Amino acid sequence: MCGIVGITRDTSVAGDLIKYLKKLEYRGYDSAGAAFSDENGLERVRRVGKIANLEKALEKGYEKYTCGIAHTRWATHGGVEERNAHPLFSSDGRVAVVHNGIIENAAFIKEKILPEGETFASDTDTEVIAHLISFYYENDPVRAVAEATSRLEGSYAIGVMFSDRPGEIYASSLHSPLVIAQTEDGSYLASDVLALPDRAKEIYRPGKGEIGVLSGKSVDFYDVSGNRLEKRPSEVGDSEKDVGKGSYEHYMLSEIMQQPEAVGNTLRELVYGGEVHVESVVGDTFISDKMDQIYIVACGSAYHTGLVAQLLFEKYSRVRTSVVLASEFRYASPILDKNTLVIFVSQSGETADTLAALRLVKETDAKTLSIVNVKGSSLWIESESSILTRAGREIAVATTKAYSAQLAAFYALALKFAYLRKGLSPEEYAAKCDALLELPEKIALTINMTRNKIVSLAKRIKDEQSAFYIGRLLDGASAAEGSLKLKEVSYINSQCYAAGELKHGTLSLIEEGTPVIASITQSGVAAKTLSNVSETKARGAYDVVITFEKYADICKDASELIIIPETDEIFAPSLTVIPMQMLGYYTALYRGCDIDKPKNLAKSVTVE
Ligand code: F6R
């Protein structure tokens, strides 16, 4: 996590360092800092807390600097203290470093490479990078960065300045995102395209062992031996741009409202002419009769979309499917052979656990497919094939529109598999394709039909200590996501259970007024879930049922009934999640939480 930026040009940089750093605040917001270089050497300012604190500190006295690097931190090694904030300096003060990633062999470097008795001013892993670069620095900065980075294990994207090289920034990366751009007025680096000026239409992504040198007038690249490289820039894609939050107070609400478009844009490329077109990404081998095992590997909300897909793959295609958390997958000895397809799901395409799992699978004969929202991300590049979700840039830490787009992509894939493996007749397949294409409209309708009720409900539950989400089968998958949405933004301790499980222990936690949110949309289990809801109500729960009009009668005793539009029940998760997302949002709003940047979290989890 963490975000880095760097600027070198002819005009003052402090204001823009803050401006672009703020665009990266989603990557972490424990502390922030900046360093500047000029002919007098290096100057540094660091502050604990949000970037606004650093901004205040830089208000006066820093206008003169035209070269600087800055950092927003999500603490991994070392507490949230000013001495652990970046930039970190070498002990001789010759080198300043900002870093995103984790250096796994920091202890080894301290003990075995750096001189004995070297003193460290922070508890961070990053500080060894500054010390190491200084250790190798005589008068060739590229060589020093190359030598130092060749000793690093783990992941890094770094921006480096030297006290005797004013106006120059050196950059390198391994397994952590880094983009570099040259515009007519200067050279820029950042962890994300979002934090580059809008006029940067072309970007460079340094490859393994490549070192970028930003001098204001130019950007040059060198290999580890110091040879100059000819590197071609790539264009900045539309999906990489921030569309802003429009008239909404928060990105999260704006992104909830963008869901019809996110799902529509995703489906438009996958479903047309009455059928699903995934041939170009999912070749014959992926869908042949021989494919006998699917793994879905992801984290957090992306994992929850896998829970939906698993039920569909198994029901309609009869392929064994396992959904595994990426952080568990690589340590769990999965059985992977040429008849296995592993699907990775990720909004950012940079989640470290998911990437580590992908790299493990690539060492086997299994096929890899990713469902990813960021074109050009590591997951997108490294998987054998990819389906791009078209949610556009997602800024709020809590995912909403990317989640909905992932679900849509999974639906398309599930229908195609089912049809090819004869789990659906041509007529059923065509009907389901049509129903799938209606989802954007139905999502818009769901927002309109449920928003007012959700606002009142949020006011009703905002002071609760805990909440429960329950459901069976596809409703259980939605419950998992709904529960996560509430807890991550409102900090209410919400838990999710398969509805039938409550009586095996959790019912003891239900008290007078405890909110229990259930979705009931699956015909085969609707009555069963309803009984489970009644069991909680009998113990005092405030039960909220999200359901179709056709079940309104049987659910009429619920404390609150939230009606969603009718749809083929396999697509219900795309609709039931909408009021749940809004419940998370509005509850957090009435509790006064920092909705777009919940405490302790970061948008892109680039550490394992
Ligand atoms: C929750 C949320 C996270 C992400 C998870 C995976 O609202 O956003 O749980 O889903 O960190 O991130 P990606 O999809 O970028 O791999």
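Return the residues of region 41-79 that are among the hydrophobic types (A, V, I, L, M, F, W, C) and either open to solvent by 70 Å² or more (accessible area, probe 1.4 Å) or over 28 Å from the mean Cα position of the chain (by Cα) (or both); say none if nothing qualifies. Full working, then the answer.
Quick first cut of region 41-79, residues among the hydrophobic types (A, V, I, L, M, F, W, C) only: 42, 45, 48, 51-52, 54, 57-58, 67, 69-70, 74-75.
Selection gives L42, V45, A57, L58, C67.
When region 561-608 is examined, which residues are found to be within 14 Å of the ligand (Cβ to nearest atom) and among the small types (G, A, S)?
G584, A588, A602, S604
From the list K485, K416, K442, K432, which one is of a type in the set (K, R), under 19 Å from V308 (Cα atoms) and within 16 Å of the ligand (Cβ to nearest atom)? Even if it seems obvious, please write down each step before you answer.
Details: K416 fails: within 16 Å of the ligand (Cβ to nearest atom); K442 fails: within 16 Å of the ligand (Cβ to nearest atom); K432 fails: within 16 Å of the ligand (Cβ to nearest atom).
Step by step, each of K485, K416, K442, K432 is checked, and only K485 is of a type in the set (K, R), under 19 Å from V308 (Cα atoms) and within 16 Å of the ligand (Cβ to nearest atom).
Could you figure out which of (1) in contact (Cβ under 8 Å) with a residue 60 or more places away in the chain; (2) among the aliphatic types (A, V, I, L, M); (3) in contact with a Cys (Cβ under 7 Å, 6 or more places away or on another chain); (4) within 25 Å of Q310 (Cα to Cα) isn't true of I517?
(3)
Would you please name the residue that is farthest from G306 (Cα to Cα), looking only at residues in region 384-403 that are away from the ligand (no atom under 12 Å from the Cβ) and in contact with a helix residue (DSSP H, G or I) (Cβ under 6 Å, 6 or more places away or on another chain)? It would help to see each step written out before you state the result.
Kept after step one, since they are away from the ligand (no atom under 12 Å from the Cβ), are these residues of region 384-403: 384-388, 390, 392-393.
Among the residues that remain, those that are also in contact with a helix residue (DSSP H, G or I) (Cβ under 6 Å, 6 or more places away or on another chain) are: 386-387, 390, 392.
Values: S386: 16, I387: 14, R390: 18, G392: 21 Å.
Ranking the qualifying residues of region 384-403, first place goes to G392.
Quick check, is C555 open to solvent by less than 60 Å² (accessible area, probe 1.4 Å) and over 21 Å from the mean Cα position of the chain (by Cα)? Lay out the reasoning, then the answer.
Numbers: open to solvent by less than 60 Å² (accessible area, probe 1.4 Å): yes; over 21 Å from the mean Cα position of the chain (by Cα): yes.
Against the criterion (open to solvent by less than 60 Å² (accessible area, probe 1.4 Å) and over 21 Å from the mean Cα position of the chain (by Cα)), C555 qualifies.
Select, from L457, L473, the only residue that is within 28 Å of Y316 (Cα to Cα) and more than 16 Å from the ligand (Cβ to nearest atom).
Criteria check complete, one pass: L473.
Hey, among V297, V345, V308, V319, which residue is in contact (Cβ under 8 Å) with a residue 60 or more places away in the chain and either outside the structural domain of Q406 (by TED's automatic domain parsing) or in contact with a Pro (Cβ under 7 Å, 6 or more places away or on another chain) (or both)? Steps first, please.
Details: V297 fails: either outside the structural domain of Q406 (by TED's automatic domain parsing) or in contact with a Pro (Cβ under 7 Å, 6 or more places away or on another chain) (or both); V345 fails: either outside the structural domain of Q406 (by TED's automatic domain parsing) or in contact with a Pro (Cβ under 7 Å, 6 or more places away or on another chain) (or both); V319 fails: either outside the structural domain of Q406 (by TED's automatic domain parsing) or in contact with a Pro (Cβ under 7 Å, 6 or more places away or on another chain) (or both).
The unique qualifying residue is V308.
Within region 312-356, restricting attention to residues that are within 24 Å of the chain's Cα centre (by Cα) and closer than 24 Å to I578 by Cα, which residue is farthest from the ligand (Cβ to nearest atom)? Lay out the reasoning, then the answer.
Within region 312-356, the first condition is being within 24 Å of the chain's Cα centre (by Cα), and the residues that meet it are 321-332, 341-356.
With closer than 24 Å to I578 by Cα added as a condition, the list becomes 323, 325, 344-349.
On the way: V323: 14, L325: 10, F344: 9, V345: 7, S346: 3, Q347: 3, S348: 3, G349: 7 Å.
That would be V323.
How about region 107-205: which strands (runs of 3 or more DSSP E) wholly inside it have at least 3 residues that are in contact with a helix residue (DSSP H, G or I) (Cβ under 7 Å, 6 or more places away or on another chain) and open to solvent by less than 20 Å² (accessible area, probe 1.4 Å)? Break it down into steps so the answer makes sense when it comes.
Values: elements: 154-162, 169-174, 179-183, 186-190.
Because the criterion is at least 3 residues that are in contact with a helix residue (DSSP H, G or I) (Cβ under 7 Å, 6 or more places away or on another chain) and open to solvent by less than 20 Å² (accessible area, probe 1.4 Å), the strands (runs of 3 or more DSSP E) in region 107-205 that meet it are 154-162.
Looking at region 483-495, is at least one residue in contact (Cβ under 8 Å) with a residue 60 or more places away in the chain, among the basic types (K, R) and buried (at least 24 other Cβ atoms within 10 Å of the Cβ)?
The answer is yes; a qualifying residue exists.
Can you tell me which residues in region 416-437 are surrounded by 15 or more Cβ atoms within 10 Å (Cβ to Cβ), charged (D, E, K, R) and under 32 Å from the mean Cα position of the chain (by Cα)?
Answer for region 416-437, where residues must be surrounded by 15 or more Cβ atoms within 10 Å (Cβ to Cβ), charged (D, E, K, R) and under 32 Å from the mean Cα position of the chain (by Cα): K416, K432.
So for region 240-253 (the condition being modelled with pLDDT under 95, over 16 Å from G392 (Cα atoms), small (G, A, S) and in the same structural domain as L194 (by TED's automatic domain parsing)), does at least one residue qualify?
no
Looking at (1) in contact with a Leu (Cβ under 9 Å, 6 or more places away or on another chain); (2) open to solvent by 10 Å² or more (accessible area, probe 1.4 Å); (3) away from the ligand (no atom under 16 Å from the Cβ), which is the only condition E464 fails?
Of (1) in contact with a Leu (Cβ under 9 Å, 6 or more places away or on another chain); (2) open to solvent by 10 Å² or more (accessible area, probe 1.4 Å); (3) away from the ligand (no atom under 16 Å from the Cβ), only one is false for E464: (1).
The values are calculated or read from the model by the stated rules, or taken from the named source; none is laboratory data. In this text the structure is predicted, and so the values were computed from the model without any measurement. For neighbour counting, all protein chains shown are included, and Cβ atoms are generated from backbone atoms with ideal geometry for every residue, glycine included. Each accessible area value is taken on the protein alone, full model and side chains, heavy atoms only, with ligands, DNA and RNA left out. Shrake-Rupley method; radii C 1.70, N 1.55, O 1.52, S 1.80 Å.
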